[in-house]
1. Using alpha-carbon pairs under 8 Å, 6+ residues apart, how would you state the relative contact order of chain B in percent?
2. Out of every Cα pair in segment B:318-464, what percent are spaced more than 28 Å from each other?
3. Which FRET efficiency value, to the nearest 0.05, do you get for A:Asp104 and B:Arg194 by plugging their Cβ-Cβ distance into 1/(1 + (r/R0)^6) with R0 = 51 Å?
4. What does the copy distance list look like for B:Glu77, label position 7 Å along Cα→Cβ, in nm and ordered from shortest?
5. Based on Cα coordinates alone, diagonalise the gyration tensor for segment A:2-152, multiply each eigenvalue by 5, take square roots, and list the semi-axes in whole Å, largest first.
6. Going by how many other Cβ atoms sit within 10 Å of their own, how do B:Leu27, B:Leu11 line up, fewest first?
7. Between B:Glu137 and B:Lys495, what length in nm is gained on full extension when 0.36 nm per residue of separation is reduced by their alpha carbon distance?
8. Please give, to one decimal in nm, the separation of the simple spin-label points placed at A:Asp335 and B:Asp61, each 7 Å out from Cα toward the Cβ.
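What follows is calculated from the coordinates using simple rules that are stated; it is not laboratory data. The shown structure was predicted, so the numbers you read here are calculated from the model rather than taken from an experiment. As a convention, Cβ positions derive from the backbone with ideal geometry for all residues, glycine included, and neighbour counts pool all protein chains shown.
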Protein chains: 2
Amino acid sequence: MDRQKTRLEALKERLREINDLRRAAALLSWDQQTYMPPGGVGARGSQLATLQRLAHERMTDAALGELLEALRSLEVELPADADEAALIRVTRRDYEQATRLPSDFVAEVAEHEVAAYDAWTRARPANDFAAVQPFLERGVELSRRYAAFFPGFAHIADPLIDEADEGMTVAMLQPLFAALRAELVPLVQAIGERPQPAGAFLYQEYAPAQQMALGEEAARLVGYDFERGRIDLTAHPFATSFTTGDVRITTNIKAADVSDALFSTLHECGHAMYEQGIDPAYESTPLARGASAGVHESQSRLWENLVGRSRPFWQFFYPRLQAAFPTQLGAVPLDDFYRAINRVRRSLIRVEADEVTYNLHVIIRFDLELALLTGDLAVADLPDAWHERYERDLGLRAPDDRDGVLQDVHWYGMLPGGGFQGYTLGNVLSAQIFERAKAELPTLHDDIARGELLPLRDWLIAHVYRYGRKYSAPELIERVTGGPLRIEPYIGYLKQKYGELYRL
Amino acid sequence: MDRQKTRLEALKERLREINDLRRAAALLSWDQQTYMPPGGVGARGSQLATLQRLAHERMTDAALGELLEALRSLEVELPADADEAALIRVTRRDYEQATRLPSDFVAEVAEHEVAAYDAWTRARPANDFAAVQPFLERGVELSRRYAAFFPGFAHIADPLIDEADEGMTVAMLQPLFAALRAELVPLVQAIGERPQPAGAFLYQEYAPAQQMALGEEAARLVGYDFERGRIDLTAHPFATSFTTGDVRITTNIKAADVSDALFSTLHECGHAMYEQGIDPAYESTPLARGASAGVHESQSRLWENLVGRSRPFWQFFYPRLQAAFPTQLGAVPLDDFYRAINRVRRSLIRVEADEVTYNLHVIIRFDLELALLTGDLAVADLPDAWHERYERDLGLRAPDDRDGVLQDVHWYGMLPGGGFQGYTLGNVLSAQIFERAKAELPTLHDDIARGELLPLRDWLIAHVYRYGRKYSAPELIERVTGGPLRIEPYIGYLKQKYGELYRL
């Protein structure tokens, strides 16, 4: 047993070095998106590629595999619920996945992502799809090569999806998305037949500095810890973690829109509070991450929507917003504001979409990704395919690619495939977890209306965040909700909320 | 010869990886000093230690030594002035130095520096020397261990000095500093007997945002390239390079002082323009750095003082400053302003010191460092020793440690010993190089008065910056000035400028 303890320490020491390299890489990437001047991009690609390659070489070191093999007996002896058993299990999963990939390939991907992101930041404002087309073609090719390292898949996207949402496959997602669609399309239809509330007051001049201050106030309110984080500006908001002691978020403020940055900040706070809430004992190990992309997204959507777009939240926060913008909102009653931020409208931009239509945006992307990966759709034809799908599913056509296929960073900043399903999985799961929180926190509604969000955050820390990757997503969902992922709570939530709002 | 070419490529590939790791580490360090939240410090120490250790392991790899050995014949065959010959020569020097140090020691130093810097940022505002004392003791101990890896030194500080200013020793610096002192002390004395110009107008309320904008304007004016850099705020200003395409500076703005941040910005611009001006062909190799700490400092001081505190510079820039601060400076004539920014006063703070007394601050630190390293002075006695030396040399005693021994980051952010001599070497050299520039650019004075600084910057790129570390500091000085380092131009410059200002 003493030899096993030594081995466990040796394992942790190796994992710490790998973690240091990966978190350093994450900082280089954060810097690229926040403060790096244009001249830095070439060297940054090389630097990131080197760090990712070295991390990957260490993660695939045969000595690590031997340690994991030797630790099998310890894993069996330990209680199934022991942190150490989880560490060995999760590390083995990562090791087995990493050893499929050559380190040079990992470095190639890292370098590609820096260059593709850089091209995207210039191509989107210029509405220049041609400028990113070669990067996207390269991305698709890299995705295919990635999949090929995992032979035996049923669908070429499965290995990419599995990387983000372990165990999920196209074959599982397609019926789930179809069931959702079957509920959402008639709901959107029914809402479309009802009168729309006013909302023009949301789109006036709102000074960015005050928006930033309000975003920080909202972040503090929900329990994001600024001693262990900060907010910066980027083209596409994101959250990133360098340690549980330093988890940062970014936002993108629009001077003519008061709600976009605020909801996106609450969204990223959800991601960040998850990472801030992980048990510090897991620091420097593979356990110190969220359970899956879907579970992560459940937390961003929970804070953005189930809290952030709820009536009790605005009972507390709206007077603060009015005080910051008295000219714009002083005469707008809370009820009008609440209706405006929950307007359901077919629209062009995913991140600005309401809760009801949001998943339709995701499903379009998911389908297009699959078609790109299978080769049914050529990258050159993607802009048109995008417009066609938007016309078909949402009855809208973007005037250009800027608000079409260039709107999301995902296909440019990371490999296509496996990036979008987590959003819809997260929406579904957010309602399921929130239902449970309400049952266990009987005063939750009133707490939120009094601006007391910490009981909810602390419940989520205790039941979700602290565990990091200790439990797989299905295990965690089972533990928290008592059953598997299911869409009923989410559909029920939408029907009740929007049934009331639109008097359906 | 073809095999040598392959070897040279292999060498460059190895150097690129090492460079990537070191530049990534530099970004982590920049981030620690600019944006990192307090909770990030623990993990940052580990991350930096890992990156530095991996870089060092690669720099001391026996295979690198074998490559360098095999390349000796190529080095001899190449013209002495060939870039490749310089690359082999400089890499060998770095290899020989690096192989003295164990990688674990390098990691230990990196981790110490993060923790010590963090402690200093809190200790200085709190005037709490006791809080940094253990870190400083550890720093002294690490410095001694560093020196011990280079046995055979005449003075224990020599290996540390050699790391920053190759070839320099205590035995060479002490007579140089003594000769300077012999000139400076009577000059300070003579000036002290003359009436002082007014200067209170410099110390009014100057809005930080406007100071920042002016600093940026000044930086642009002298030729600092914002496409390849940026300015951020820190406790102690510095310049740092991640590639010649991304060289950043920082500043520290005081709301009650218009000149401090501006001169410090010009100072850091000098460092940064040096790094921006290095031949891009040297990118990712050990040649892509300044020749030595002293040469680097000659450029920061040249831009800060020989340009930035000159009359022609302010002929052009003062109307801009007045326009930004009309209430504070609208009624102050240029001549009064020029005299005020060149007032010679015994003062407590090195970075705010005038050109004449500045070196006295450096010499105090240099002497105290040597005493700490030899053990003649205990760290616990350092605050008192500091006050005593300031009383003796400058006739002043700081009211506390905040403006005493805690004022400079150097002993906390890096190992004590070898950090300060570069400032005075730089002052001396700045005048020597500027004298040469004036001789070769006959319209320099008028160019500066018209706000045309690029001819000077471009002359410096062509004669100094582009070469990076290709030439050693003595070689470079010889090439640029036609002779060795000498104090006469500097003393001559000071006597003429301050002789006029104070009518000596």
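1. Relative contact order of chain B: 19 percent.
2. Working: 4401 of 10731 pairs.
Beyond 28 Å sits 41 percent of the P(r) for segment B:318-464.
3. On the way: r = 70 Å, r/R0 = 1.36.
Rounded to the nearest 0.05, the efficiency is 0.15.
4. So the distances to the same position in the other copies read 6.2 nm.
5. Values: eigenvalues 270, 59, 30 Å².
Ellipsoid semi-axes (Å, largest first): 37, 17, 12.
6. Going from sparsest to densest Cβ surroundings: B:Leu11, B:Leu27.
7. 124.8 nm
8. 7.2 nm
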